[in-house]
1. Exactly which trypsin sites (Lys or Arg not before Pro) in the range 681-776 are in a DSSP loop and have at most 13 other Cβ atoms within 10 Å?
2. Normalised by the residues of the chain, what does the relative contact order come to in percent, with Cα pairs under 8 Å and at least six apart?
3. Can you give me the Rg/Rh ratio for the range 598-836, using Cα atoms for both radii and the Kirkwood formula for Rh?
4. May I ask you to give the average projected area over all directions of the convex hull of the Cα atoms of the chain, in nm² rounded to one decimal?
5. Would you mind working out the magnitude of the charge dipole of the range 31-151 relative to its Cα centre, with +1 at each Lys and Arg C-beta and -1 at each Asp and Glu C-beta, to the nearest 20 Debye?
6. Would you mind pulling out the separation of the Cα centroids of the range 690-718 and the range 50-103, in Å?
7. Starting from the amide H of Arg56, placed 1.01 Å from N in the peptide plane, find each other amide H under 5 Å away whose residue is 5 or more places distant or on another chain.
8. With each pseudo-label sitting 7 Å past Cα toward Cβ, what's the Thr562-Gln223 distance in nm, one decimal?
Amino acid sequence: MKRHHAILLTSLIAVAALMGQGTAVAATMGNGSSGPPDAAVKLEVGDPAIATETDREKIDIMGIWAHPDDDAGFTTPCGVWNDLYGVRCGIIMATRGEGGSNSVGPEAGPDLGLRRENEDRTSHIRSGTVDIFNLDRVDFFYNTSAPLTAKVWDAEETLSRTVRIIRETRPEILVGSTPSLAAGHGNHQYAQGRMIWEAAAAAADPSMFPEQLTGVGAVDPWQVKKVLAGGLTTGTGGTAAPSCNAGFVPAATNPFTVVGTWTGYESPYVWAEGNLAGQAAGSAKTWAQVGREGGRAHPTQARTMQTALVDPTCQRYGVSQSIVPMQPNSSPASANDDAVLYGAVIADPGGMPLGSEFSLEAEEYFEAAGEPFTTTVTLRSGEGELGDGTVSLVVPTGWQVSEPVEVDGIGDADATQATFTVTPSGDAAPAVYKLAAEFAGDGVTAYNDTRIELVAPVEGRFDRWGTAAEYDEWTQDNDAYVGGRSRAVAKVGAGETVTVPVEVTNRTAVVESGSVELAVPAGFVVDATSKPFAELAPGETTTVPFVVTHTDPADPGSRTVTFTATTMSGAGVSSENETVYLVPTVVIPELDSAPAVDGIADELYVGQPIDVGTRWEGAECAADGVDCGDGGVARLGWYDDALYAQIRVTDDVASAASTPDRCFGHWLVDSVELLLDPRGDSIDTSSTFKLGMFPFTDDAEGANGNGADGPCWSRDADNHQGFSTGPLAETVEGGLNAEGVEVAVEVARQADGTFAGGGYDIEVKVPLSALPAGVGPTSAVPQGDAALNDVDPQYLGLNVTPYDSDTQNFIGQTRTAWSAFGSQQSEPYRWGHAYLDGYTPPADRPTESADPIIPDTALQGVQSPQTVAQSATRGGTISGVQPSDALTISDVKIQQKKVSLSYRSTEAGTVRVFLWKGDTSFIPVWTSSCVGDLFGFEACAPTDGAAPPWAPDMSGRLVASFEQAVDAGKGTLTVPIDAGIRSALIDDAQILVSFAEQPAGDAATGDGVNAWSFPIEATRPGKG
């Protein structure tokens, strides 16, 4: 299949853009399937639903995620909460997953986003979750950097949109996941990690985005009551039955209160007759079953239909933050399956009215053993006056706390506070500890808790850098310590000498002096095993630097080692371990002349070959040295401002062949990636050069310009990603991204699908001018001797990574490399270090990378008929953008050959019209032969569970679409239709309209949007 089969919707958008402002474009979706049209049927529209005039329904629990399918675990609990307790869930989705793969169709970019949005809507429909708010952020390449995500997504705009949605929907509880670096993908760290905390705080702050508080669609600040994102759920006990948290005890290392919901309750949905799971027809499915079926409704992401029986479980959450009363795990009421809602959605059993505040906050999150600190408890009634009572603070055994505080009533206006002094025991170990507040009054009790982390009074920590340093700064700025502190991580090349700084902080009340010892493993030497610090004032930090040398330049690296810093003072001893990535180093010699780039190794490559056959991810080679792995080498050299590499790849079976227009996603097929970090200091890959090279393609005609079935290459997840060869290279945003790059291959695929000669060869020339910044000059070649080495040397970050697949279905299997660490494709510090012997860059070569060029392939909400329908019929703005009433629509007519809409606008902008048939809230994503299967989740035959046709009309739902730019003023929009389209509009159809004001300046989207839904009403001859 070819990408040009993508759906008509975005094709129309592109055509309209090419034809210019004021041009109307219409689409005809064939003649429909409802039989001959009846021209005598009169079609009219009823009263419209308009987003700016529709009251937004309240959401009780809102989840925030980065990509469709990240929220798969939300389907089950929302089903239970909605069915049993009438709770309404909603979802804020940062992207539509346009950058993901597509296992069932040709859609990519905005077309894929449209399809994945529907998958997500369908996955949640049976759970009662019909409000999904997309933020229209771009789903760009895989990375592990929250700050890069924030930059690409425009953090301020993303926060503004999220805050507006929260203020519109007024959720009591936010659900997400940890913001820590352990979350992996930077999009995940940011969306379901950081955004939870940033948006909750900003939504309650009237000084944040004050423009939302006045004018069209004005909203009020909103205070979220609970956050379930990153709290631990470890513990023992519980039951596999309703009230599943009964007897659950959090682990000693778990300082969070844990709530649970039993997923074995019967749902309203029943097993179909003849179902493949062998269940009795008409018997109820559990919510565990329904939720799992929904969670797997993402066929584009290679998910398959859930056909087997699913066992119910207790779905638990750790309460990360709460400002309302809740039940401790020691309370019988904590066993209840609705305990997660206490104090926020339903009144707490302790008796404080719904809307009451009962919270506590420590003076600082980090405290020291033996050092006193204050903790404040805040109380406010949700309704009416509460009587007198006693507030007490429960602290860990052995700690001291001031006496309970008597309060003379709790009002519902001004808050009452009680302050306590807490002194941890002097011998308390560094750890996270729970502090719990309790209130006891006349018939009313309340409980809540928070956490503080004890650290050594005088603490030595390895210096943080890169994303770790930025993460620690973010946690402090946002008081969001739920994900813990960053781990200490460093890198060193074989034979190099580096500085290892240790930061010492004094948290005592007196001046401290002491020393730091650094222990390193065999193969390393340190300039001094112990160094002093003196007269460190209270609250101050000093740096103690060590110089460490690795002694063997020939070490192949690809492993981690541990450094240990031990800090000693009069206040005690602290220690920390640092994970150090030992990476290989190589000298790249200057060649006598430029090699002929023909794929064949020749005598010009005089340097020592590097081994690129060590596995770092995926399945083990079926036979090392045959299937993949051993024998893979790269020969390197430079000449006349260009880098050359000749790479031999061990491989027995050829993978599927990509067509030139699918020359991306090299990890899905046989390929080699060359990774270059010009300055050697990149925090993420946005300042690097990464070239994926495909040794062969499905291009019999040689249309790509590299011969019949010849190679192709493209840049991926770097400073300027996109096609790098063939006609498509001319379409890349920002211009050509690999000028002067040459690639040649020596490959022979045999009739049986194997490689002749046991593998293939790739040779590549990369002009160093094509890199995002200048290379070097690199430091002296490391010798393994501190006296000879440059300290903290300058080098070229380098890796060579073959990818192996023996399948024909575009599924990668094994990944090998020179510097063979997991996640190396996104973490440049895990690449090897290359020294270009004798190379000096031109004087005008930049030493800093330009901002990355990342194509914005995000579908906008105004382009999605399902988003438009939700906004119009359920209220709330599209994608969190400020609403607009600049455009009004009147006199909508459906005639034989056209649909016309009269408009008047006070602002220029773009109008989009969608003629829609059927339900807008979901479109089935699986085929099903089961009788009466409305949602498409039932399997009654082995052939069920395929992805139904989608393009070009969203499985037949999008009858026609239209787009036109309009100026301020009045006019008429005309959508051409034929008899088939008109016939399709007779039953269960509507006209959806979106408007977006023209962007101002360099803004990507307009500042005002609106949405309409006009129901179509048919009057047949002889009927009133």
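Values in this text are rule-based calculations from the coordinates and carry no lab data. What you are looking at is a predicted structure, and each value in this text was computed from that prediction instead of being measured. Using ideal geometry, Cβ is built from the backbone for each residue, glycine included, and neighbour counts are taken over all protein chains shown.
1. none
2. 15
3. Numbers: Rg = 17.2 Å, Rh = 18.0 Å.
The Rg/Rh ratio comes out at 0.96.
4. 45.8
5. 220
6. 40
7. Gly876
8. 4.6
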